[in-house]
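Working notes for the structure below.
Read-outs: derived from the displayed coordinates by stated rules, not from any lab. Bear in mind that the values here come from a model prediction, so they are computed numbers and not experimental data. Cβ placement follows ideal geometry from the backbone for every residue including glycine, while neighbour counts extend to all protein chains displayed.
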Amino acid sequence: MPAAVIVTDLVKQFGRFAALRGVTAEFAPTRLYAILGDNGAGKTTLLRALAGLMPPTRGTISMLGTTNLRSVCGQLGYMAHPSLLYDEMSGMENLRYFARLYDVNNADQRCADVIRAVKLDPSLARPVGQYSQGMRQRMSLARALLNDPKILLLDEPFSNVDVRSAREMVSLLAGLRDSGKTIFVVTHQASLLEGAADEFVWMEAGQIVNRTPGLHATSEAR
Amino acid sequence: MSTVASLTRATLAKDLRLEWRSKDAINSMLFFSLLVVVIFSFSFDPTAEESRQIAGGLVWVAFLFAAVVALNQTWAREMRNQVLDAYRVSPAPPNALFLAKVVGNFIFVTVLQALMTPLFIVFYNLRALGPAYQLPIVAALGTWALVVNGTFFAAMSLRTRSREIMLPLLLFPISIPALLAMVEATGAILTGEFSARFWIVLLAAYDVVFTIASLFLFGFVLQAE
Amino acid sequence: MKRVFPILAVLTGALLSYALYEALVAAPTEQTMGSVQRIFYYHVPSAWTAFILFFINFFASIVYLIWRANKADIVALVTAEVGVVFCTVVLVTGPIWARPVWGIWWTWDLRLTLTLVLWLIYVSYLVLRRFSSSGQTPLLAAVLAVFGALDVPLVYFSIWFFRTQHPQPVIGGGGSIDPRMLHVLLINWLAFSCFAALVCWFRYRLEVMRRDMDETLALEALLEPHASSTRTSPTGSAG
């Protein structure tokens, strides 16, 4: 199976601070990768580079077979710790707008479906700014799923989220992985992903130092 | 092209809806505009004859101040919660976002002008001795000139320190020919002594040049980290 | 390259001295204005030199936008800095000349006003360079330079028409120029151009060295994981 993402000698420097020091890795499709490491290890930088938000100082990124990230950005879903949503609009209004950015067909239906998939109510008129953190993270995930992306890049999706919501999100992600998506989750909470992740990618000081298979990988013949 | 137009419309509709809902920006700016007019009227108290000659300058400097306050908050909502990242990650064309913001600001500043103008007329007993129909044309072209560059430089300022001072610092020098044109055209129309035609043509040329330049270069600015 | 620089420096020194002599001593004294007029030989060549430098800046900025060449960015930076200096000379010598001769400090004539606007645009350019985060500076600066260059013809026409509506005194007077004075003017221009080239070259080398040093330090930080490198971590990118 051709790799979904290939990173070659990726370097990112901000002045004299090297956030990524030559990351080289291949990531297979239909996998859930948990990216772990301390603060400053380069996890967020790596994710942002994959999302096309951060041009690397050196090195190449190949996504879905091409190094032109802009051409495949319609097949990417990105979620970060800030919600990437407008506080003053309701969830449905937010998603309806973002659906236009991706030229989604049958937008209203898709938005409602995706909101229901994250266990929220599409008819909720409350503005997103008044959501609880858990709800906001879930709505943000819904936004990332709008365009049915092949690759999902999630940066700390479970931070400040209550345990039940977090577990629900994990089972949702596992389901998405099973349906063919490649998912990258940056997190501090490795335990949450124990049953679902195919591989744990450990980062330290801007490099990948270890890759260990998750329980899910060993429990199925691959 | 149809995607750009429809996305521009959708973004503009979203911005107008959001502004209508919160109303905090527009309210404070309306009050600020009122203050500007009053302060100017206290500071410059000419006779009716003189006022017609300097009104052009007064009015447009007042509009400029009000415009800068409006322009500084152009991207405020997108910066909160890093919504701009969502836009950058998507395949949506950057120009749609830019045009929507420019038109939004244009409407915004025009509303402010609609408030300030009657007050100026009242305080200075203004009356146009020249062709008054040209005044809205000058207003529209002049406002577009300020707003198209202002929105662009506001986006550039997002990547700098001292964001709020950076915008006027970049905008004012580049806007000098447009400002001169607006002031002279308004003065010409009010006094009726000269024709404003040259200035109107210059403003139109300015608008065309910088709208094209902004559309061309906005993508670079948006994708900059 | 290393040998050319001192040779050029000496040549420039000689040329400047000669030009100084010509301007202050050898050139004929102007009939109406007297010796004050000699400032003309500094005022005008400085303006021409500044305009040429800004022109080069425009080209370097375009090159940067298309090819992202680091060298082009350095050329843009250097010409902007030196150009602003020459612009300042024009703006200072103008009033010094105008006051004793015409009794006014300032006039909105074409050359002076155009120089003032260019000065403002390029000072804002330099401020932008200083205030933006280092990764984005070349790109934003190049974009601003293009905007500035597009502005120049519009500034020119607006001032030109303004002056026909509101006639202003012209510094430097109209009319033809005595050929001997023209000769001195051109010599001074040549001297100033050489001086500008010299300073630009020096500044260019300085900037190249500074960037090389930064790159070396960055490379070191890359290889040493927990070295005591100064962390300039950007907002929102921890981990």
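Quick look at the numbers
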quantity: Partner chain coverage, peptide C:128-136 - average Cβ within 10 angstrom; calculated: 6
quantity: Dipole of the protein assembly as shown, positive direction: furthest Cα of C:ALA69, B:VAL221, A:ALA4, with charges on the beta-carbon; calculated: A:ALA4
quantity: DSSP-assigned coil residues among trypsin sites (Lys or Arg not before Pro) in the stretch B:36-117, each with at most 16 further Cβ atoms within 10 Å; calculated: none
quantity: Qualifying trypsin sites (Lys or Arg not before Pro) for the stretch B:123-225 [loop in DSSP, other Cβ within 10 Å: at most 15]; calculated: B:ARG127, B:ARG161
quantity: Radius 14 Å from Cβ of A:LYS119, net charge of other residues (Lys, Arg +1; Asp, Glu -1); calculated: +1
quantity: Neighbourhood net charge (15 Å Cβ-Cβ; Lys/Arg +1, Asp/Glu -1) for C:THR164; calculated: -1
quantity: Size of electric dipole in chain B: Cβ of Lys, Arg +1 and of Asp, Glu -1, about Cα centre, debye, nearest 20; calculated: 680
quantity: Helical mean residue ellipticity (222 nm; -39500 (n - 2.57) per DSSP H run of 4+; nearest 500) of the protein assembly as shown; calculated: -21500 deg cm²/dmol
quantity: Separation of alpha-carbon centers, the stretch C:79-112 and the stretch A:132-160, rounded to whole Å; calculated: 59
quantity: Average Cα contact separation per residue, the stretch A:5-219, under 8 Å, 6 or more apart, as relative contact order %; calculated: 30
quantity: Residue among C:LEU126, C:VAL101, C:PHE5 farthest towards the positive dipole end of chain C, charges placed on Cβ; calculated: C:VAL101
quantity: Percent breakdown of C-alpha pair distances by 5 Å bin, ordered from the shortest bin, for the stretch B:2-223; calculated: 1, 7, 14, 18, 19, 16, 11, 7, 4, 2, 1, 0
quantity: 10 Å Cβ shell holding at most 11 others, DSSP loop, trypsin sites (Lys or Arg not before Pro): longest site-free stretch of chain C; calculated: C:4-239
quantity: Fewest-first ranking of C:HIS166, A:HIS188, using other Cβ atoms within 10 Å as the exposure measure; calculated: C:HIS166, A:HIS188
quantity: The protein assembly as shown: antiparallel DSSP beta bridges as a percent of all, rounded to 5; calculated: 60
quantity: Positive-end residue, the stretch A:5-219 charge dipole about Cα centroid, Cβ charges, pick of A:GLY91, A:GLN207, A:PRO122; calculated: A:GLN207
quantity: Cut-off 17 Å, label 7 Å out along Cα→Cβ of C:LEU182, residues of the stretch C:32-59 by amide N; calculated: C:41, C:44-45
quantity: Order of C:CYS200, A:CYS111 - criterion: other Cβ atoms within 10 Å of each residue's Cβ, fewest first; calculated: C:CYS200, A:CYS111
quantity: Rounded tilt (10° steps) of A:107-117 against the dominant C-alpha axis of chain A; calculated: 70
quantity: Cβ-based exposure ranking for C:TYR156, B:TYR133, B:TYR206, in which fewest neighbours within 10 Å come first; calculated: B:TYR133, C:TYR156, B:TYR206
quantity: Around C:PHE5: net Lys/Arg minus Asp/Glu count, Cβ-Cβ under 14 Å; calculated: +4
quantity: Debye, to nearest 20: dipole size of the stretch A:66-222, +1 on Lys, Arg Cβ, -1 on Asp, Glu Cβ; calculated: 220
quantity: Between the stretch A:24-62 and the stretch B:130-147, the Cα center-to-center distance that results, in Å; calculated: 51
quantity: Only Lys, Arg (+1) and Asp, Glu (-1) charged, at Cβ; the protein assembly as shown dipole about Cα centre in debye; calculated: 500
quantity: Whole-Å semi-axes of the protein assembly as shown's equivalent ellipsoid (Cα gyration tensor); calculated: 54, 36, 17
